[in-house]
2 protein chains.
Amino acid sequence: MAVTSHDVARLAGVSQPTVSRALRQDSQVSAATRERVRIAAEQLGYVPSELGRSLSTMSTRQIAMVADLDNPLYPQLVGPLHDAFAAKGFRMVLLAERGEEIVSDGRLLDGSVDGAVLTTSQLRSSLPLQLQTRGVPFVQLNRVSELVEADSVTADNVAGGRAVAELLTRLGHRDIAAILGPRETSSASERERGFRAGLRSAGLTLPSARVVRGWFSYEVGRAAMHELLGRGNRPTAIFCINDIVAVGAINALTELALDVPNEMSVVGFDDLEIASWPTFGLTSVRVDFGGMASRAAELLLARLADPQGPVVHDQFPVELVERRTHRAR
Amino acid sequence: MAVTSHDVARLAGVSQPTVSRALRQDSQVSAATRERVRIAAEQLGYVPSELGRSLSTMSTRQIAMVADLDNPLYPQLVGPLHDAFAAKGFRMVLLAERGEEIVSDGRLLDGSVDGAVLTTSQLRSSLPLQLQTRGVPFVQLNRVSELVEADSVTADNVAGGRAVAELLTRLGHRDIAAILGPRETSSASERERGFRAGLRSAGLTLPSARVVRGWFSYEVGRAAMHELLGRGNRPTAIFCINDIVAVGAINALTELALDVPNEMSVVGFDDLEIASWPTFGLTSVRVDFGGMASRAAELLLARLADPQGPVVHDQFPVELVERRTHRAR
DNA sequence: CGCCGGCTCGGATACGTATGCGCATGGCAG
DNA sequence: CTGCCATGCGCATACGTATCCGAGCCGGCG
């Protein structure tokens with residue numbers, strides 16, 4: 001059915017290995033032969049089988065990115081990763097993870113990729129362990145697992161959480177609520193830890209009556225805000241574990257005709273593009289996801305080149321971005 | 001390095017073919033042997049090489065989805081496609097396309113996928129032609145190419161555009177603007193065609209002074225709105241080629257402190273989740289992308305089973321969803 | 001007791017490409 | 001003229017799995 005290197009060889013009057021070498025610009029074949037082969041290949045519309053090549057060389061030149069596409073954060077990581085890998089001759093494929101569901105199939109283990117970028121590791125996720133056992137190089141981006149010692153690129157979530165607490169307390173807020181994320185993810189739990197530490201420094205605590213916890217989504221933010229407001233007298237400020245949740249919270253406030261920031265200060269995290277929309281003007285914590293993605297690609301490529309090299313943990317600084325959703329009490 | 005079926009065979013005291021058969025529950029191998037093999041495989045942590053299997057069977061059980069991840073519409077198609085394929089034993093990989101850039105590499109042609117779902121075909125895109133020539137089954141979802149006769153699943157964009165025009169004219173608007181999409185995409189040009197036809201039915205036209213054209217993005221919508229308003233006296237209503245553009249336009253209006261819908265009616269298209277956010281309450285045209293995605297998967301699987309079957313063009317109806325961004329003039 | 005059939009399994013091979021190695025050719029120096 | 005080396009190419013094989021076909025074994029039946 002499909003055209004193979006044997007077909008090209010027959011047409012060009014050479015052997016199959018010569019076709020293989022010629023098309024890869026191997027200097028062992030003469031310029032004349034190379035040209036003959038090129039013509040024949042073009043004539044037949046020959047495209048080398050990636051399967052055959054991979055099996056023969058034991059390398060696929062493919063990198064998998066495991067991401068949760070329901071979360072608007074991740075599409076943003078795709079571009080930089082793609083470019084960094086493409087520059088080194090690697091292809092990138094996306095393995096979609098949906099909601100909280102974990103990738104269970106063995107596409108990462110069955111030899112069809114050379115390495116992986118994990119962006120949605122949970123703290124006790126076994127996937128990184130499996131990869132390590134099977135010798136599949138990988139790097140953790142954004143979130144990490146605590147079960148494994150491996151290359152990672154993260155943001156300084158603790159500092160970010162602390163900065164939010166400092167901002168709000170400095171503005172005079174004393175009754176502060178929070179919509180937190182799942183304890184199972186390192187990013188959410190670090191942000192929470194930093195935030196609580198910041199409150200403590202100001203002599204405050206975060207009572208459980210002022211906390212709702214959920215996954216990173218618009219709908220969770222919206223429902224959580226309603227839940228918090230339904231508990232009686234309302235806080236004067238709220239910290240949201242990320243921008244999507246914050247936007248959900250703001251929409252809940254809009255539904256109830258409560259003004260932001262006059263009746264409630266709202267702060268997010270991530271500084272996605274949506275935070276800068278005039279409609280929201282969301283105060284948030286900027287994370288350089290583009291830079292982190294590039295760095296992660298760099299680390300993975302280094303790991304492919306030297307599987308024994310020292311493990312690297314890279315932490316990116318974050319920056320508070322003050323817009324219009326916070327106000328002095 | 002990696003564990004192969006030969007290793008398992010040696011440990012279980014059988015031949016490699018027997019391992020292959022045993023692990024795939026082939027009834028030719030006795031229950032006892034099957035169990036011995038299973039134990040041995042587990043003990044070694046054996047994972048069958050997908051490369052070897054694919055090369056041997058000439059089928060990869062992988063489907064590629066080509067999508068533009070910068071557009072929030074596409075993540076929404078991933079889930080339904082993924083599930084429909086998974087149900088039939090196929091894996092899905094995403095090939096990212098960025099902005100207007102076309103996928104140029106040959107991952108679709110090099111035999112590493114059994115088929116493809118194209119979601120971002122441009123009208124004169126050559127990719128579908130190449131696939132057809134190479135005999136790679138594919139289905140076009142959402143947008144189609146005019147150069148090829150192949151399975152497709154689309155929305156009734158013409159009817160949607162017409163419905164928007166009818167809504168606005170019925171409300172008494174006479175000076176209507178539009179932020180249109182690229183002529184190179186079927187979805188945008190069909191919506192435009194329907195919209196213009198609807199205006200014509202009401203005795204109106206769409207003067208070029210009232211039109212800005214751009215790609216499907218927030219920033220385009222925002223800039224286009226500023227551009228339109230900078231041209232002097234302003235229209236009373238505007239049709240945006242999709243919801244993302246509409247949200248950009250609304251944000252531009254917010255920046256200028258112009259009230260929606262009192263000073264300008266805005267209508268989008270697609271009815272993404274964001275359209276239903278209380279903050280926007282965007283009037284839009286609902287497209288059943290989930291249903292379309294499932295149908296596309298179905299068509300592709302049918303095509304894989306019967307490459308010679310009749311070509312199917314499936315068009316889904318759309319529905320106007322009236323929210324709060326339109327108002328009688 | 002011999003033959004046949006069914007049940008299990010293994011040997012050989014195929015899939016498409018890459019590569020180690022050997023062979024032929026030709027040129028040049030001795 | 002002979003020997004040597006460099007160049008250019010083909011043969012054989014490897015990668016890991018699936019499958020065709022044949023071989024062995026056992027039981028049952030004639």
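The values are calculated or read from the model by the stated rules, or taken from the named source; none is laboratory data. Small disclaimer: the values here were computed from a predicted structure and weren't measured. All Cβ positions, glycine included, derive from the backbone under ideal geometry; neighbour counts span all protein chains shown.
State all residues of region B:70-86 that are over 22 Å from residue B:272 (Cβ atoms) and at pLDDT below 90; if no residue qualifies, say none. Across region B:70-86, the qualifying residue is only B:86. So, of the residues in region A:24-71 that are in contact with a Ser or Thr (Cβ under 9 Å, 6 or more places away or on another chain) and on the phi > 0 side of the Ramachandran plot, which turns out to be nearest to DNA strand D (Cβ to nearest atom)? So the residue we want is A:61.
Going through (1) in contact (Cβ under 8 Å) with a residue 40 or more places away in the chain; (2) touching a Lys or Arg at 6+ places or on another chain (Cβ under 6 Å); (3) within 23 Å of residue A:281 (Cα to Cα) one by one, residue B:242 falls short only on (2).
One residue stands out in region B:1-23 among those that are assigned to a loop (DSSP other than H, G, I, E, B), farther than 12 Å from residue B:48 by Cβ and within 11 Å of DNA strand D (Cβ to nearest atom): the one that is nearest to the other protein chains (Cβ to nearest Cβ), namely B:1.
For residue A:47, the stated conditions hold: it is part of a loop (DSSP other than H, G, I, E, B) and modelled with pLDDT of 90 or more. Would you mind stating whether residue B:69 is under 25 Å from the mean Cα position of the chain (by Cα) and more than 11 Å from DNA strand C (Cβ to nearest atom)? It is true that residue B:69 is under 25 Å from the mean Cα position of the chain (by Cα) and more than 11 Å from DNA strand C (Cβ to nearest atom). Among residues of region A:261-285 that are more than 24 Å from residue A:172 (Cα to Cα), those with a beta-carbon under 9 Å from a residue that is of a type in the set (Ser, Thr, Tyr) and not in a strand (DSSP E or B) at least six positions away or on a different chain give the pairs A:273/B:218; A:274/B:218; A:277/B:218; A:277/B:254; A:278/B:254; A:279/B:254; A:279/B:279. Sub-8 Å Cβ pairs linking a first residue in region B:18-31 that is closer than 18 Å to residue B:89 by Cα to a second residue that is part of a helix (DSSP H, G or I) and near DNA strand C (Cβ under 8 Å from one of its atoms), at least 6 apart or interchain, are B:25/B:34, ordered by first then second residue.
How many residues, within region A:116-173, are of a type in the set (Gly, Ala, Ser), within 19 Å of the chain's Cα centre (by Cα) and within 14 Å of chain B (Cβ to nearest Cβ)? Within region A:116-173, residues that are of a type in the set (Gly, Ala, Ser), within 19 Å of the chain's Cα centre (by Cα) and within 14 Å of chain B (Cβ to nearest Cβ) number 2. Residue count for region A:42-55 satisfying the condition of being near DNA strand C (Cβ under 10 Å from one of its atoms) and farther than 24 Å from residue A:138 by Cβ: 5. Checking each residue in region B:277-295 for being within 14 Å of chain A (Cβ to nearest Cβ) and under 23 Å from residue B:80 (Cα atoms) picks out B:277, B:289, B:290, B:293. Against the list (1) assigned to a helix (DSSP H, G or I); (2) out of contact with any Leu (no Cβ under 6 Å at 6 or more places or on another chain); (3) within 14 Å of chain B (Cβ to nearest Cβ), the condition residue A:110 fails is (1). Note on region A:1-41: residues that are surrounded by 13 or more Cβ atoms within 10 Å (Cβ to Cβ) and within 12 Å of DNA strand C (Cβ to nearest atom) total 21. When the residues of region B:50-69 are filtered to those that are assigned to a loop (DSSP other than H, G, I, E, B) and surrounded by 20 or more Cβ atoms within 10 Å (Cβ to Cβ), the one that is modelled with the lowest pLDDT is B:69. Screening region A:137-219 for strands (runs of 3 or more DSSP E) wholly inside it with 3 or more residues that are crowded, with 22+ Cβ neighbours inside 10 Å and at pLDDT 95 or above returns the ranges A:138-141, A:152-155, A:176-180. The set of residues in region A:70-80 that are crowded, with 20+ Cβ neighbours inside 10 Å, facing another protein chain (nearest Cβ under 9 Å) and assigned to a helix (DSSP H, G or I) comprises A:75, A:78.
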